[in-house]
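S.K.: Before I ask anything, let me first share the structure, which is written out below as structure tokens.
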Amino acid sequence: SDSPVNVTVTGAAGQIGYALLFRIASGQLLGANTPVKLRLLEIPQAVRAAEGTALELEDGAFPLLAGVDVFDDPKAAFSGTNVALLVGARPRTKGMERGDLLEANGGIFKPQGEAINAGAADDIKVLVVGNPANTNALIAQRHAPDVPADRFTAMTRLDHNRALSQLSRKLSVPVSQIRKLTIWGNHSATQYPDLFHAEVGGRNAAEAVNDEQWLADEFIPRVAKRGAEIIEVRGASSAASAASAAIDHVYDWVNGTAEGDWTSAAIVSDGSYGVPAGLISSFPVTSSGGSWQIVQGLDINEFSRARIDASVAELEEERQAVERLGLI
Ligand code: NAX
């Protein structure tokens, strides 16, 4: 089989990390024929816990796992890496203003971007999961000027999967029959899950639903606020579902999306659909040959336009805030 692919996971001792690492080791991130070497990055206080997880990975005796190394230095952790999953981030704590949050995350994603720039492999692919994911990805990308900008992405696949599931329940159809659903904008409560281009068993999803009130008052807020619902019910934030979505994102990026379908990912805008160039915003995307393409030519109705614009305006504000803070 092939030589191992280096996969760096930050926040490896966290709850998403714990769910993610075993799926990577089992071959679900890249495919059943690709051996992986895991490189776990943590802050010094959590290195010991990450080493414990590394022992458990060893105990999985995964045939595709070619090794596990633990680091507290980003330069070392990203050296030679092919896939970087940036999961570790500074959560918002009580009394923290948005500026404080962005600044704390700038202190994480700036050095990580620099380390990726300095030492990652030429084919590096980066997925940012840690929140605020889109803007953290922007910060890292801006500090990696030698890496093509399109290698930096942020995760909206969990939102996409949540939307698929909600629609599947509403229409009593399996998720496998739903295609071409889109999450637009920011991975935040302003995100817009769009059914107007989605298809259910070949039929337009918005027409099949035929219930604008459900769409506006139930579906959209349910998907956008699902993270809060999970916290309330589970007593902790989404972890295994987030790990699963990260697996889906990278798997599709590397292996391509299915013919006749698309998915959602936050990627660097080229100005499509009125999203200012350079913002990392969620779009309908296909993947082939290891790169994402934005699906072009979709008609955007008024209902969608207003919601896409609102979420993109929020991203623009976050970009301005990190500019003011000197983080990009
Ligand atoms: P945890 O708090 O369980 O774990 C985070 C880990 O990151 C900790 O072990 C911490 O030590 C580590 N860390 C902090 N700074 C670091 C640094 N500079 N380098 C390396 N590691 C560092 O959080 P968890 O539940 O795993 O969530 C991780 C992130 O994912 C959070 O920012 C969370 O908000 C975000 N999420 C994003 C989602 C998405 O759809 N994009 C959904 C799930 C999740 O809420």
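The values are calculated or read from the model by the stated rules, or taken from the named source; none is laboratory data. All values reported here derive from a predicted model rather than from experimental measurement. Heads up, the Cβs are rebuilt from the backbone with ideal geometry, glycines too, and the neighbour counts pull from every protein chain shown. We work out accessible area using only protein heavy atoms, side chains counted, and drop any ligands, DNA or RNA first. Shrake-Rupley method; radii C 1.70, N 1.55, O 1.52, S 1.80 Å.
S.K.: Any idea what % of Cα-Cα pairs in the chain are farther than 27 Å?
M.R.: 42 percent
S.K.: What distance in nm separates the two pseudo spin-label positions at SER165 and ASN204, each 7 Å out from Cα along the beta-carbon direction?
M.R.: 2.9 nm
S.K.: Here is a further query. P(r) of the stretch 173-328 in 5 Å steps, Cα pairs, percent per bin?
M.R.: Pairs per bin, as whole percents: 2, 8, 15, 20, 21, 19, 11, 3, 1, 0.
S.K.: Can you run phi through the Karplus equation (6.51, -1.76, 1.60; θ = phi - 60°) for the stretch 129-141 and list ³J(HN,Hα) in whole Hz, with x for Gly and Pro?
M.R.: Calculated HN-Hα couplings, in order: 10, x, 8, x, 4, 4, 6, 4, 5, 4, 4, 4, 4 Hz.
S.K.: Taking θ as phi - 60°, what are the ³J(HN,Hα) couplings along the stretch 261-278 by the Karplus curve (6.51, -1.76, 1.60), each to the nearest whole Hz, with x for Gly and Pro?
M.R.: Per-residue couplings from phi come out as 9, 9, 9, 10, 8, 8, 10, 5, 6, 9, x, 4, 6, x, 8, x, 4, x Hz.
S.K.: How much net charge surrounds ARG92 when only the other residues with a Cβ under 10 Å from the Cβ of ARG92 are counted, with Lys and Arg +1 and Asp and Glu -1?
M.R.: Numbers: positive: ARG90, LYS94, ARG98; negative: GLU97, ASP100.
Every neighbour counted, the sum reads +1.
S.K.: Please give the contour-minus-distance gain from ALA313 to ALA189: 0.36 nm per residue of separation, less the Cα-Cα distance, rounded to one decimal in nm. Write out the running numbers ahead of the final one.
M.R.: On the way: separation 124, 0.36 × 124 = 44.64 nm, distance 1.28 nm.
Full extension of this stretch gives 43.4 nm more.
S.K.: Give the separation of the Cα centroids, the stretch 200-254 to the stretch 78-124, in Å.
M.R.: 26 Å
S.K.: Moving on to the next point. Determine the principal axes of the Cα atoms in the stretch 193-276, then give the extent along each, sorted from largest to smallest and rounded to whole angstroms.
M.R.: Computed over the stretch 193-276, the largest-to-smallest principal extents equal 38, 37, 32 Å.
S.K.: Could you look at the stretch 78-169 and say what percent of its accessible area is carbon and sulfur, using a 1.4 Å probe and all protein chains?
M.R.: 44 percent
S.K.: Quick one: P(r) of the stretch 47-176 from all Cα-Cα pairs, 5 Å bins, percents rounded to integers, in order of increasing distance.
M.R.: The distribution over the stretch 47-176 is 2, 10, 16, 16, 16, 15, 12, 8, 4, 1, given as percents.
S.K.: Which ³J(HN,Hα) values in Hz, rounded to whole numbers, follow from the phi angles of the stretch 63-78 under the Karplus curve 6.51 cos²θ - 1.76 cosθ + 1.60, where θ = phi - 60° and Gly and Pro get x?
M.R.: x, 8, 8, 8, x, 9, 10, 10, 9, 10, 10, x, 4, 5, 5, 9
S.K.: Whose amide H sits under 5 Å from the amide H of THR182, counting only residues 5 or more places off or on another chain, with H placed in the peptide plane?
M.R.: ASP194
S.K.: Based solely on C-alpha atoms, express the radius of gyration and the Dmax of the stretch 280-328 in angstrom.
M.R.: Rg and Dmax of the stretch 280-328, Cα atoms, are 14.3, 37 Å.
S.K.: With every protein chain kept in place and ligands, DNA and RNA left out, what is the accessible area per residue of the stretch 222-328? Probe 1.4 Å, answer in Å². Working shown, then result.
M.R.: On the way: 4710 Å² over 107 residues.
That works out to 44 Å² per residue.
S.K.: Further question on the same structure: Which Cα, out of PHE109, THR81, ALA25, lies furthest along the positive dipole direction of the stretch 1-160 (beta carbon charges, K/R +1, D/E -1)?
M.R.: Towards the positive end, the residue furthest out is PHE109.
S.K.: With only Lys, Arg, Asp and Glu charged, each at its Cβ (+1 for the first two, -1 for the last two), find how big the charge dipole of the stretch 163-274 is about the Cα centre; round to the nearest 20 debye. Before the final figure, lay out the partial values.
M.R.: On the way: 9 positive and 14 negative charges, 59 e Å.
Dipole of the stretch 163-274, to the nearest 20 debye: 280 debye.
S.K.: Considering only the other residues whose Cβ falls under 11 Å of the Cβ of HIS249, what net charge follows from Lys and Arg at +1 and Asp and Glu at -1?
M.R.: Numbers: positive: LYS125, ARG157; negative: ASP248, ASP252.
Taking every other residue near HIS249 into account, the sum is 0.
S.K.: In units of 2.2 N^0.38 Å, what is the alpha-carbon radius of gyration of the stretch 214-255?
M.R.: Numbers: Rg = 13.2 Å, N = 42, 2.2 N^0.38 = 9.1 Å.
Here the answer is 1.45, to two decimals.
S.K.: What are the residues whose amide H is under 5 Å from the amide H of ARG39, where those residues sit 5 or more places off or on another chain and H is modelled from the backbone?
M.R.: Amide H neighbours of ARG39: VAL7, THR8, VAL9, ASP69.
S.K.: While we're on this one: Provide the three semi-axes, in whole Å and in decreasing order, of the ellipsoid equivalent to the stretch 125-246 as defined by the square roots of 5 times the Cα gyration tensor eigenvalues. Working shown, then result.
M.R.: Numbers: eigenvalues 156, 60, 32 Å².
Semi-axis lengths for the stretch 125-246 are 28, 17, 13 Å.
S.K.: For the chain, what is the mean residue ellipticity at 222 nm derived from helices alone (per DSSP H run of n ≥ 4: -39500 (n - 2.57); sum divided by total residues; nearest 500 deg cm²/dmol)? Present the calculation step by step, with values, prior to reporting the outcome.
M.R.: Details: 11 runs with 134 residues, N = 328.
It lands at -12500 deg cm²/dmol.
S.K.: Pick from GLU259, GLU51, GLU314 the residue whose mean-square fluctuation is largest in a GNM of the chain, springs joining Cα atoms under 10 Å.
M.R.: The residue that fluctuates most here is GLU259.
S.K.: What is the spin-label model distance, in nm, from SER26 to SER288 if the labels are put 7 Å beyond Cα along the C-beta direction?
M.R.: The modelled label-to-label distance comes out at 3.2 nm.
S.K.: Can you check what the net charge comes to around HIS143, using other residues whose Cβ is under 10 Å from the Cβ of HIS143 (Lys, Arg +1; Asp, Glu -1)? Could the numbers behind the result be given before it?
M.R.: Values: positive: LYS110, ARG142; negative: GLU114.
So the surrounding residues net to +1.
S.K.: Additional query: How far apart, in nm, are the 7 Å Cα→Cβ label points at PHE303 and THR93?
M.R.: For PHE303 paired with THR93, the spin-label model returns 4.3 nm.
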